[in-house]
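Worksheet: the structure to be examined is printed underneath.
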Amino acid sequence: PGYYNDQRGMNVCIECEPGYYCPTSGLLAPVPCNAGRVCSKFRLSSPNALCPPGHYCLLGTQTADFTNYETELRPLPCWPRSFCLTGVEVPYQLNPLNGT
């Protein structure tokens, strides 16, 4: 776990990079980090964090730092008139008629 090998018959494995995880041995490709989760470290066998509150995380999020503008794969702020609990994939939209 934590590594993959994209070429059959090769003994050299590649470590999973941030934004991905490798849950089992023998993978040919890493698995993109689940939406709502964060994969911010190398060699992960599962996502290492939930998306922070007030934000949502798309597939492949590689940092929990929503102020890290060096990557687009960061937590994104909730839309206007919505809210985001910890670990959400998309914001919850408020009802425009009664505000709930």
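The values are calculated or read from the model by the stated rules, or taken from the named source; none is laboratory data. Just so it is clear, the model here is predicted, and its values are computed rather than measured. Because the Cβ atoms are built from the backbone with ideal geometry, glycine has one as well, and the counts that use them run over all protein chains shown. With ligands, DNA and RNA removed, areas are computed over all heavy atoms of the protein, side chains included. Shrake-Rupley method; radii C 1.70, N 1.55, O 1.52, S 1.80 Å.
Quick look at the numbers
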{"read-out": "Evaluated over the chain, the Cα radius of gyration and Dmax, each in Å", "value": "16.3, 61"}
{"read-out": "Selected from 69, 21, 56 as most flexible by GNM, with the chain as the system and alpha-carbon contacts under 10 Å", "value": "69"}
{"read-out": "Relative contact order (%) - the chain, alpha-carbon pairs under 8 angstrom, separation at least six", "value": "22 percent"}
{"read-out": "Residues of region 47-100: accessible area per residue with a 1.4 Å probe, Å²", "value": "65 Å²"}
{"read-out": "GNM result for the chain, Cα springs below 10 Å: residue of 54, 26, 36 fluctuating most strongly", "value": "26"}
{"read-out": "Cleavage-rule hits, trypsin sites (Lys or Arg not before Pro), region 1-57, DSSP coil, Cβ neighbours within 10 Å at most 10", "value": "8"}
{"read-out": "Accessible area of the chain belonging to carbon and sulfur atoms, whole % at 1.4 Å probe", "value": "56 percent"}
